[in-house]
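The block underneath contains the structure these notes are about, expressed in structure tokens.
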């Protein structure tokens, strides 16, 4: 009887509600699991309680079932019980109504190691037969600035050679070379100032000297810092592609994107200084909670150092 009801429910989902075959197949497995558990516990549909459901969820979670899969399973069960109540009148309450799936673990941002970050930065300016002086200088300045100041890609793209403000346009960002700082407009239209390292300043000056050969400045017009050979502001897609290519040429074992350099900047500054508030300000995070995720990256770094250096950790691995 239980099996027939589950099959009828799935047919209704597919035929009347036009649910995809892929979803129906997944729901079939979820309902099969429910029916097996009910059979093992000698429970009818009406006998199932929220506590019983929670015990099954705890077991699944302990067995390594992903939170997303558990959430889908609960959704299938919840819909089935609503159908049993509204269409069949076989139950008077839904034991799934107040049961929630385990929270998904928030993935840690991916950051390069200090060695890989330095390798990427240094290799970006090396001679390359496939990249002319223009591209080599631009790539070097971009990589140096991203890693030096932890900027978002959009923030870096908004930087102008010098600040201008007219009725039609106002610069989102610019470099103050004397102060070794960059001004950017971040999320929420909040402006912040971030230090720029000496190596990045030198790379930017070299780039600006080469950039001058590819653009004619017009007074009162926007002057983007990073341009293509046509004198237009370089696109985000171009920077993403060039950075990924540079990482491959540098022999890095992972795909590198601009935001990874932001993560690397935050993680490495935090490792060196331990000053979470300073990192928060430089990243432009409105809440310290957003910055605290880098403490987890810092802990991973310490844990790896422990595993490599502590004699008891080595013994544990070899046992």
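Nothing in this text is a laboratory measurement; each read-out follows from the coordinates by a stated rule. All values derive from a computational prediction rather than experimental measurement. Virtual Cβ from ideal backbone geometry, glycine too; neighbours counted across all protein chains shown.
Summary table below
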quantity	calculated
Normalised contact order of the chain, rounded percent, pairs of Cα under 8 Å and 6 or more residues apart	15
Cβ-Cβ FRET estimate between residue 289 and residue 49, R0 fixed at 30 Å, reported to 0.05	0.25
Principal-axis tilt of helix 50-62 within the chain, Cα atoms, nearest 10 degrees	50
Tilt relative to the chain, helix 288-309 - C-alpha long axis, 0 to 90 degrees, to 10	90
Cα centroid of the stretch 199-219 to Cα centroid of the stretch 61-125, whole Å	48
Relative contact order for the stretch 2-88, counting Cα pairs under 8 Å that sit 6 or more residues apart, in percent	33
Folded to 0 to 90 degrees: helix 2-15 orientation relative to the chain principal axis, Cα	50
The stretch 129-228, relative contact order in percent, only Cα pairs under 8 angstrom and at least six apart counted	32
Pairwise label distance in nanometres, residue 42 with residue 1, each label 7 Å out on the Cα-Cβ vector	1.6
Sequence of 237, 192 once ranked by neighbouring C-beta atoms within 10 Å, starting from the fewest	237, 192
Spin-label pair residue 233/residue 14, simplified geometry with 7 Å Cα→Cβ offset, distance in nm	5.2
Full-stretch length increase - residue 191, residue 103 - with 0.36 nm per residue and alpha-carbon distance subtracted	28.3 nm
